[in-house]
Each structure stands twice: as C-alpha cells, then as structure tokens.
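For reference, the structure discussed in these notes is given below.
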Amino acid sequence: VDISQYRQTERELRTYTAELNERVKELRTLYEISRLTDDAEMTEQGYLERVVARLPPGWQYSDDACARIDLGQQTYVTDNYRVTDWQQRSPIFINGDAIGEVIVGYLTEHPAADEGPFLSEERSLITEIARIIGRFVALNLAIMEFQESEERFRAIFVQAAVGLAQVTPEGG
C-alpha cells in the first residue's frame with residue numbers, strides 16, 4: 001500500500017495548522033491591544049505599559065521576542081529588551097507627524113522570512129498596532145485640550161463682572 005500521498009497531505013495539514021496558529025496569535029494580540037483602548041480610566045502611561053507587554057506573544061518566536069515603544073520623550077520596554085540586529089519597526093503618527101515608534105525584536109537569530117526573520121503578517125500587525133497607539137494618544141490629547149478649554153471657560157464665566165445668558169431659538 002502506497003501511503004506517500006497520505007504523508008504528503010499530513011505534512012501540508014501540519015504546515016497549514018502552524019500558519020493558522022500564527023494568525024490566531026496575531027489576532028489575539030491585536031484584539032487585546034484594541035480592548036485596552038475601551039478603558040476610559042486608562043492613562044497613557046498605563047496603556048503603553050500594557051501594550052508593550054502584549055507585543056512579544058503576537059510574534060512567531062514569542063519566547064525570544066522583546067519590544068519597545070518610544071513616544072516623545074517616554075520609552076516603554078519589556079524586561080528583556082535590548083537592541084539587536086533583528087528588529088522590526090513601525091512609526092506612530094498623529095495628524096501625519098511621526099511622534100514615536102513601535103519596535104519588536106528577536107534576541108537571537110532566526111531563519112529568514114519575508115522581512116528578515118519576520119513574517120509579512122507581522123509587518124501588518126506592527127503597522128496596525130502603531131496606528132492604534134496613535135489614535136489612542138490623539139484621543140487623549142483631544143480630551144486634555146477639551147478639559148483645559150472647559151476650565152478656562154468656567155473661570156471666565158465665574159469671574160465675569162456681567163451676567164451672561166444663553167438664549168436658544170426655542171426660547172429657552
């Protein structure tokens with residue numbers, strides 16, 4: 001009985017299963033980072049500390065991965081972070097201006113893939129994570145500006161020597 005076709009199918013199935021498991025890891029990482037943005041009480045520092053900790057598990061060689069986020073003058077790193085020859089980077093933008101970057105690296109050499117040792121899907125992942133971080137930071141900046149504006153308006157209103165009234169078209 002020739003079982004070569006069966007063995008070939010079995011090898012292909014293992015390959016596809018491994019690839020599928022990698023996509024699941026990437027999606028899980030993206031989902032976890034996206035969920036962090038839903039926490040209204042989350043500070044920018046707390047958010048970035050949690051994001052950087054969630055980066056290595058999303059990469060193919062997660063046990064050998066480290067991560068860093070640079071944002072303005074602040075840097076957030078995993079405990080094992082160090083600069084290596086095997087790093088993938090993506091800039092963080094707000095309104096078209098680069099304000100920082102996300103870096104994921106491997107501590108040791110791994111086989112060549114699409115971008116050094118990194119998969120093309122990991123390029124998409126790091127780019128999307130940088131975009132999510134940019135949106136989170138931009139939203140926090142907008143909220144802070146709004147709060148400052150509201151405080152200035154309240155101070156002007158309280159200190160005004162004349163009365164102010166708001167009239168609406170409905171007569172209210």
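Were the residues from Ile143 through Ala98 laid out at 0.36 nm apart, the gain over their Cα-Cα distance would be 14.2 nm. Around the amide H of Thr75, modelled in the peptide plane, lies no amide H under 5 Å away from a residue 5 or more places distant or on another chain. Positive contributions from Lys and Arg (+1) and negative ones from Asp and Glu (-1), summed over other residues with Cβ under 11 Å from the Cβ of Gly58, come out at -2.
Annotation note: GluC sites (Glu not before Pro) in segment 1-85 located in DSSP loop regions with a Cβ neighbour count of at most 10 within 10 Å are Glu41. Remark on Phe93: its backbone amide H falls under 5 Å from those of Ile99, Gly134, a criterion applied only to residues 5 or more positions apart or on other chains, H modelled at 1.01 Å from N. Accessible surface for Asp97 stands near 100 Å², nearest 10, in the context of the full protein assembly shown (1.4 Å probe). Take every pair of alpha-carbon atoms less than 8 Å apart whose residues are at least six positions apart; their mean separation over the length of the chain yields a relative contact order of 16 percent.
Be a star and scan segment 47-85 for residues whose amide nitrogen sits under 12 Å from the point 7 Å along the Cα-to-Cβ vector of Leu107. Under cut-off, by backbone N: 62-67, 78-83. Mean-square fluctuations from a GNM of the chain, with a 10 angstrom spring cutoff on Cα atoms, peak among Tyr47, Tyr16, Tyr76 at Tyr16. Ligands, DNA and RNA left out, the 1.4 Å accessible surface of the chain is 53% carbon and sulfur atoms. Computed from phi, the 3J(HN,Hα) profile of segment 13-30 under the Karplus parametrisation 6.51, -1.76, 1.60 (θ = phi - 60°) reads 4, 4, 4, 5, 5, 4, 5, 5, 4, 5, 5, 5, 4, 5, 5, 4, 4, 4 Hz, with x in place of Gly and Pro.
About the centre of its Cα atoms, the chain shows a dipole size close to 100 debye [charges on the beta carbon of Lys, Arg (+1) and Asp, Glu (-1) only; nearest 20 debye].
One Cα centroid belongs to segment 7-65, the other to segment 92-136; the line between them spans 13 Å. Using the Karplus relation 6.51 cos²θ - 1.76 cosθ + 1.60 with θ = phi - 60°, the per-residue 3J(HN,Hα) values for segment 116-129 come to x, x, 9, 7, 4, 5, 6, 4, 4, 5, 5, 5, 5, 5 Hz, with x marking Gly and Pro. Taking amide H as placed 1.01 Å from N in the peptide plane, the amide H of His110 sits under 5 Å from none that are at least 5 places away or on another chain. Adding -39500 (n - 2.57) for every DSSP H run of four residues or longer, then dividing by how many residues the chain holds, sets the calculated 222 nm ellipticity at -17500 deg cm²/dmol.
The values are calculated or read from the model by the stated rules, or taken from the named source; none is laboratory data. This structure is a prediction, so every number in the text was calculated from the model and none was measured. So basically every Cβ, Gly included, is an ideal-geometry build from the backbone, and we count neighbours across all protein chains shown. Areas reflect the complete protein model, heavy atoms only, side chains present, ligands, DNA and RNA absent. Shrake-Rupley method; radii C 1.70, N 1.55, O 1.52, S 1.80 Å.
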